[in-house]
Amino acid sequence: MINILLEIWNKILTSNLFNFVLMLVFLGWIIKKCKIADMLENGRKSIEDKIISAKAEKENAIKALYEIQEQGVNVEKEVLDIIEKADKNAIIVGEKLIDDAEKQSETFTKSTQKAIDTNIEKLRLNLTNETAQIVLDKAKNHIEKLLKEDRNLHIKYINESIEALREVNI
């Protein structure tokens, strides 16, 4: 009977099913001993966390992209506003330059007219002085000629001058 049991035992040992079961038991023991299940669970959890983190980063990146696109639109609006303001400022500065040029032109015209008037007045005075000098010279020459011709006029003019001096009250 022992032979039979040994034979059965031998067949069991050589059977694939027994080897399979034995290997399962051995693997179960190794898994418990090495805590492979915990390592697999930690690895799975780590991968799951990385996937969640990647999804969150993707959502943040999409939000950032939308914000940048909105800022791009805002930048375009700001550029257009800046260009519009620059155009307005250019018009204002141009108008101011034209106004200043007109004022300077008026000032220049007035000062030129004053200079012309002053020069005309100087010329008129010079002509008047020259004319008066010529008249005085002619009158002097005429009087000297009359005095040379008639000596009695000397006494007459001297007497008239003395009479004129007597009438002056000092």
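Here are some residues: ILE36, ILE30, ILE51. Which one is more than 28 Å from the chain's Cα centre (by Cα) and at pLDDT 85 or above? First the steps, then the outcome.
Working: ILE36 fails: at pLDDT 85 or above; ILE30 fails: at pLDDT 85 or above.
ILE51 is the lone residue from the list that is more than 28 Å from the chain's Cα centre (by Cα) and at pLDDT 85 or above.
Does THR112 meet the test of being assigned to a helix (DSSP H, G or I), of a type in the set (S, T, N, Q) and at pLDDT 85 or above? Can you show your working first?
Working: assigned to a helix (DSSP H, G or I): yes; of a type in the set (S, T, N, Q): yes; at pLDDT 85 or above: no.
It is false that THR112 is assigned to a helix (DSSP H, G or I), of a type in the set (S, T, N, Q) and at pLDDT 85 or above.
Hey, among GLU167, GLU144, GLU149, GLU121, which residue is of a type in the set (Asp, Glu), at pLDDT below 85 and surrounded by 10 or more Cβ atoms within 10 Å (Cβ to Cβ)?
From the options GLU167, GLU144, GLU149, GLU121, the qualifying one is GLU144.
If you check LYS55 against the conditions, is it exposed (fewer than 10 other Cβ atoms within 10 Å of the Cβ), without any contact (Cβ under 8 Å) to a residue 60 or more places away in the chain and part of a helix (DSSP H, G or I)?
Details: exposed (fewer than 10 other Cβ atoms within 10 Å of the Cβ): no; without any contact (Cβ under 8 Å) to a residue 60 or more places away in the chain: yes; part of a helix (DSSP H, G or I): yes.
Answer is no for this residue.
The values are calculated or read from the model by the stated rules, or taken from the named source; none is laboratory data. Please read all numbers here as calculations on a predicted model, not as lab measurements. As a convention, Cβ positions derive from the backbone with ideal geometry for all residues, glycine included, and neighbour counts pool all protein chains shown.
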